[in-house]
Amino acid sequence: MAETNANPVASLLSGEIAERIKQLELFSRLRVEGARSGENRSPRIGFSSDFRQHRQYFPGDSLRYLDWRVLARTDRLVVKQYEELTNAEMVVLLDISGSMAFAGAGMSKLEFGVRCAGILTYLMYVQRDSYSLQLFGESAEDSIPRGEGRRHQRRVFEKLVSAVAAGQTRFVECFRQVEARRRRKGLVIVLSDFMAEPEPIAKALGRLRMRGHDVIAFQVFDAAERDLDFVDFTRFRDLEDGEVLGADPLLIQAEYRRQFDRHQLRIKEQCLAHAVDHVVLPVADEYDEVIGDYLRRRAALIS
């Protein structure tokens, strides 16, 4: 976006949108490892929240957690164990490669992705969860480390509004860099058009999933990019490597659309095969409604 604004929060979220975001929720479907108490399930067992299971009583256990009803029925000493709840840690990965610069009738895919990333990070701020931002393209070095609070939120938004789409995307290398840095299990959210071979992308995301992270792949999609709605001979330039190809759109349109749809389907199938949640995000001016619809569906499945 490459914008300079005295108030980066206001440049991404109006007061009305911010109030609507506060009605949403974003929790992990999996057990995550936070640094303090929160609303997400933890792999640890404690004595503080929701009942999880019984276990045999051992000398030294507090009698406070002894299940007297089970003792009366079975003459067995067991204690109650409860599920510990923790805060979530989220990292948002935003693709800033050249292909994200494509713009149809409205905002570019990058501008749309920036606004969606703003919603997700603001929601984590409201929930008092920890989050980080990772911009990636040829590498995944440009980031805002994990944090929380108002000052951290402002830093994240400043980074988002300064994002510029350029260069190629090295998905596998970037995801491996992220994997190496993630110590605690948490939420990993990717915003990208995924313009590359689906199998390596999904496999790299699957490695994060195998490490216990809850991974969501948001595929930013502009209908104008699929339609190829031209009638005259046109020179097309690759937004990532600059290669130029001339073609008659009327001759290639049907096959191009078929291949475009096939690529999108392969991304979805490969993500699902690796237990990665895949969501198509169509570019729209009502960006908060687009991502809000998904979050409400997700919350309904978790509850």
So which residues in segment 70-94 are surrounded by fewer than 17 Cβ atoms within 10 Å (Cβ to Cβ) and either in a strand (DSSP E or B) or modelled with pLDDT under 70 (or both)?
K80, Q81, Y82
Condition check for D277: touching a Cys at 6+ places or on another chain (Cβ under 9 Å), closer than 30 Å to G212 by Cβ and modelled with pLDDT of 85 or more:
yes
The correct count of residues that are of a type in the set (G, A, S), without any contact (Cβ under 8 Å) to a residue 60 or more places away in the chain and surrounded by 20 or more Cβ atoms within 10 Å (Cβ to Cβ) in segment 114-139 is 2
Quick check: is even one residue across segment 245-268 acidic (D, E) and surrounded by 13 or more Cβ atoms within 10 Å (Cβ to Cβ)?
no
Among the candidates E255, E240, which residue alone is touching a residue at least 60 places away in the same chain (Cβ under 8 Å) and in the same structural domain as R207 (by TED's automatic domain parsing)?
E240
Give R237, R296, R258 a once-over and let me know the one that is charged (D, E, K, R), modelled with pLDDT of 85 or more and over 30 Å from L120 (Cα atoms).
R258
Does R298 satisfy the criteria of being under 16 Å from the mean Cα position of the chain (by Cα), basic (K, R) and over 25 Å from G106 (Cβ atoms)?
yes
Conditions first: (1) out of contact with any Lys or Arg (no Cβ under 9 Å at 6 or more places or on another chain); (2) closer than 23 Å to S108 by Cα; (3) surrounded by fewer than 16 Cβ atoms within 10 Å (Cβ to Cβ); (4) acidic (D, E). E197 passes all but one, so which condition is the exception?
(1)
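The values are calculated or read from the model by the stated rules, or taken from the named source; none is laboratory data. All values derive from a computational prediction rather than experimental measurement. Quick reminder, even Gly has a Cβ in these numbers, built from the backbone with ideal geometry, and neighbours come from all protein chains shown.
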